[in-house]
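What follows is a set of notes on a single structure, which appears directly below.
The values are calculated or read from the model by the stated rules, or taken from the named source; none is laboratory data. Please read all numbers here as calculations on a predicted model, not as lab measurements. Note that we place each Cβ from the backbone using ideal geometry, even for glycine, and neighbour counts take in every protein chain shown. Remember, those area values only see protein heavy atoms, side chains included, never the ligands or the DNA or RNA. Shrake-Rupley method; radii C 1.70, N 1.55, O 1.52, S 1.80 Å.
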Amino acid sequence: MIISSRTSTRASIVFTLLMVVGAFSVMRPSFAAKVEDRIVAIVNSDLIMWSEVKREMAPERERLEKQYRGEELSRRLQMVEAMALTTMIERRLQLQEAKAKSVEVGDQEVKQAVKQLIQQGEKIDEKDPASTKSVRDQLTLLRVVDREVRSGVMVADPEMKRYYQEHRDRFALPEEYTLSQILIKPRSSDELESARAKAREVMTQLKQGESFEDLALQYSDGPTAPRGGRLGLVRQGELLPAIERGVANLVPGGISEVVESPEGLHIVRLDDKKPKQFRPYEEVRQEIQALVFQQKSEDMFQSWLADLKNKAYIEIKFDNAPLKQTTSVPAPPPSPTSRP
């Protein structure tokens, strides 16, 4: 599949490459059987070989082979092949652009990066040329994207305020509850019914007006029993899901029904409730700036990458249908401090 072409010179290069590939197909069967590698894509004047794709997808292949078998494994491997090849094509385009724009990474920078990665627990052989080349390529990609994409990203105050208004829930403080609890723990599965009976008895006494604190002291198996079952302040999301559901619709002073959880049987009283509050804009301004910068960087990166593809000659020589799909590789993590 030919995606696009630009010049007759490039076309002649591709024709030559195709002649080379064709030559392999007419070789003697005994020799051809030994040729395991082949060209799977041409990116401008660069070739991507099947052996490279296999190395790219090796970790994911290993994971899939542990989980799947048969047709499902084959289907998933085809998808992984497609994504691996797409990633490699996009990486080649960016590295080619870096070379065209004279973006370089020095040997000392590579050595320093390798040392840092080793300190972080990465398994890298400093003496392996392939490992150091991979690190150099990653640094080059970061640098060319910084220069060609991020350096042109500006974040204005009106954009940040608009983002704040459209994503207010992102900057909300969760509801806060002040709770008290009576916890009845069955000591074994055989005691579950007797624990339920005890919980029903406690609920009956509460409905008759007995003091929650006195009943907690008398019946609760929880560590807060000596202080009347008082749990104190907890935030939404910190409670067990079953308890959170049990107190969600209570008003201060309200008591939940008996709630069962792996810890036991809970009777919870909502002593106070602080509604969700929104952090003021000035407090979250820097956080918003980073988020908007990241969003704009991603949009610009995708546009830049699409432009590289449109200007490039890309020929995919893979028969697998999924490989003819194209999905963009994510932009490297943006740096909010980067400016033109």
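Evaluate the range 261-275: report whether one residue or more is among the hydroxyl-bearing types (Ser, Thr, Tyr) and closer than 28 Å to Tyr164 by Cβ.
So in the range 261-275, the residues among the hydroxyl-bearing types (Ser, Thr, Tyr) come out as 261.
Those left that are additionally closer than 28 Å to Tyr164 by Cβ: none.
No, the conditions are met nowhere in the range 261-275.
Scanning the range 127-136 for residues that are surrounded by fewer than 13 Cβ atoms within 10 Å (Cβ to Cβ) and modelled with pLDDT under 90, which turns out nearest to Glu52 (Cα to Cα)?
By that ranking, first place goes to Ala130.
Return a yes/no flag: does the range 258-277 have any residue that is outside any strand (DSSP E or B), surrounded by 17 or more Cβ atoms within 10 Å (Cβ to Cβ) and touching a residue at least 60 places away in the same chain (Cβ under 8 Å).
Yes, the range 258-277 contains a residue that is outside any strand (DSSP E or B), surrounded by 17 or more Cβ atoms within 10 Å (Cβ to Cβ) and touching a residue at least 60 places away in the same chain (Cβ under 8 Å).
Does Lys317 satisfy being among the basic types (Lys, Arg), out of contact with any helix residue (DSSP H, G or I) (no Cβ under 6 Å at 6 or more places or on another chain), modelled with pLDDT of 95 or more and surrounded by 14 or more Cβ atoms within 10 Å (Cβ to Cβ)? Before the answer, list the steps.
Values: among the basic types (Lys, Arg): yes; out of contact with any helix residue (DSSP H, G or I) (no Cβ under 6 Å at 6 or more places or on another chain): yes; modelled with pLDDT of 95 or more: no; surrounded by 14 or more Cβ atoms within 10 Å (Cβ to Cβ): yes.
Judged against the criteria, Lys317 is not a match.
Identify the single condition in (1) touching a residue at least 12 places away in the same chain (Cβ under 8 Å); (2) farther than 30 Å from Glu166 by Cβ that Gly209 does not satisfy, given that it satisfies every other one.
(1)
Does the range 38-49 contain at least one residue that is surrounded by 12 or more Cβ atoms within 10 Å (Cβ to Cβ), among the hydroxyl-bearing types (Ser, Thr, Tyr), modelled with pLDDT under 95 and assigned to a helix (DSSP H, G or I)?
Within the range 38-49, the subset surrounded by 12 or more Cβ atoms within 10 Å (Cβ to Cβ) is 38-49.
So of that shortlist, the ones also among the hydroxyl-bearing types (Ser, Thr, Tyr) come out as 45.
Then drop every residue that is not modelled with pLDDT under 95, which leaves 45.
Now drop any that are not assigned to a helix (DSSP H, G or I), which leaves none.
No, the range 38-49 contains no residue that is surrounded by 12 or more Cβ atoms within 10 Å (Cβ to Cβ), among the hydroxyl-bearing types (Ser, Thr, Tyr), modelled with pLDDT under 95 and assigned to a helix (DSSP H, G or I).
Without any contact (Cβ under 8 Å) to a residue 60 or more places away in the chain and on the phi > 0 side of the Ramachandran plot: is that true of Gly222 in this structure? Lay out the reasoning, then the answer.
Values: without any contact (Cβ under 8 Å) to a residue 60 or more places away in the chain: yes; on the phi > 0 side of the Ramachandran plot: no.
When the stated conditions are applied, Gly222 does not pass them.
Filtering the range 142-190 down to residues that are within 23 Å of the chain's Cα centre (by Cα) and of a type in the set (Lys, Arg), which residue is farthest from Ala216 (Cα to Cα)?
Residue satisfying both the conditions and the ranking: Arg143.
For residues that are open to solvent by 80 Å² or more (accessible area, probe 1.4 Å) and either in contact with a helix residue (DSSP H, G or I) (Cβ under 6 Å, 6 or more places away or on another chain) or in contact (Cβ under 8 Å) with a residue 40 or more places away in the chain (or both), tally how many sit in the range 235-257.
3
How many residues are open to solvent by less than 20 Å² (accessible area, probe 1.4 Å), in contact with a helix residue (DSSP H, G or I) (Cβ under 7 Å, 6 or more places away or on another chain) and in contact (Cβ under 8 Å) with a residue 60 or more places away in the chain if we restrict to the range 82-108? Spell out the reasoning first.
To start, the set of residues in the range 82-108 that are open to solvent by less than 20 Å² (accessible area, probe 1.4 Å) comprises 82, 84-86, 88-90, 93-94, 98, 103, 105.
Still in the running and in contact with a helix residue (DSSP H, G or I) (Cβ under 7 Å, 6 or more places away or on another chain): 82, 84-85, 88, 90, 93-94, 98, 103, 105.
After this cut, where a residue has to be in contact (Cβ under 8 Å) with a residue 60 or more places away in the chain as well, the list is 82, 85, 90, 93-94.
Qualifying residue count, the range 82-108: 5.
For (1) within 16 Å of Leu305 (Cα to Cα); (2) touching a helix residue (DSSP H, G or I) at 6+ places or on another chain (Cβ under 8 Å), each residue gets a yes or a no:
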| position | (1), (2) |
| --- | --- |
| Ile48 | no, yes |
| Glu56 | no, yes |
| Val110 | no, yes |
| Ala113 | no, yes |
| Ile124 | no, yes |
| Lys133 | no, no |
| Leu139 | no, yes |
| Arg147 | yes, no |
| Val153 | yes, yes |
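Report yes if some residue within the range 173-192 is over 21 Å from Gly229 (Cα atoms), touching a strand residue (DSSP E or B) at 6+ places or on another chain (Cβ under 8 Å) and hydrophobic (A, V, I, L, M, F, W, C); otherwise report no.
Looking through the range 173-192, at least one residue is over 21 Å from Gly229 (Cα atoms), touching a strand residue (DSSP E or B) at 6+ places or on another chain (Cβ under 8 Å) and hydrophobic (A, V, I, L, M, F, W, C).
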